[in-house]
1. Give me 70, 79 sorted ascending by neighbouring Cβ count inside 10 Å, so fewest comes first.
2. Going through segment 35-123, which trypsin sites (Lys or Arg not before Pro) have at most 15 other Cβ atoms within 10 Å and a DSSP loop state?
3. With helices defined as uninterrupted DSSP H runs, which ones in the chain have an alpha carbon span along their own long axis of at least 20 Å and mean Kyte-Doolittle hydropathy of at least -0.5?
4. Please give me the summed charge of the neighbours of residue 59: other residues whose Cβ is under 9 Å from its Cβ, Lys and Arg +1, Asp and Glu -1.
Amino acid sequence: MTIRVDEDEQNRWTVLRISGELDLVTSPLIRRRVHDAVAAGRHELVLDLAGVRFCDSSGVGVLVAARRLMRSCGGHLRMVLPARGAEDGAHVNRVLGALGVRRLFEVYEDLPAALDDSAEPLRTAAPAC
């Protein structure tokens, strides 16, 4: 597998730091980790995707499913996606924007902003490819 997931608890938030490639092979692991968090009663989830360097349609599907799951249990999902630059997560931001689904997510440029309940999610469009 070409993905790594580190889990951390920060105040009320469960943070899954994901790095590597989010694709057909690795997306079931992310799906399982999200389901495990919900099953353990953790309904405040941050997916830190700043370290994801590739995301295909399977990865997008897992992200959309995670959003749906968190909404169905009354939880909250936030995502960390750098807007531009050389950071790996900027690729995911572009993919979500190109597919028209980025607007579905609460997106933050870094983890401190995602954990700050007074911070507003980014509302700007994803950068052009």
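Please treat every number below as a calculation from the coordinates, not as lab data. The structure presented is a predicted model; accordingly, all values stated were derived computationally and were not measured. Cβ: placed from backbone, ideal geometry, glycine included. Neighbour counts: every protein chain shown.
1. Ordered from fewest to most neighbouring Cβ atoms within 10 Å, 70, 79 come out as 70, 79.
2. Loop-located and lightly packed - 84, 123.
3. 57-72
4. -3
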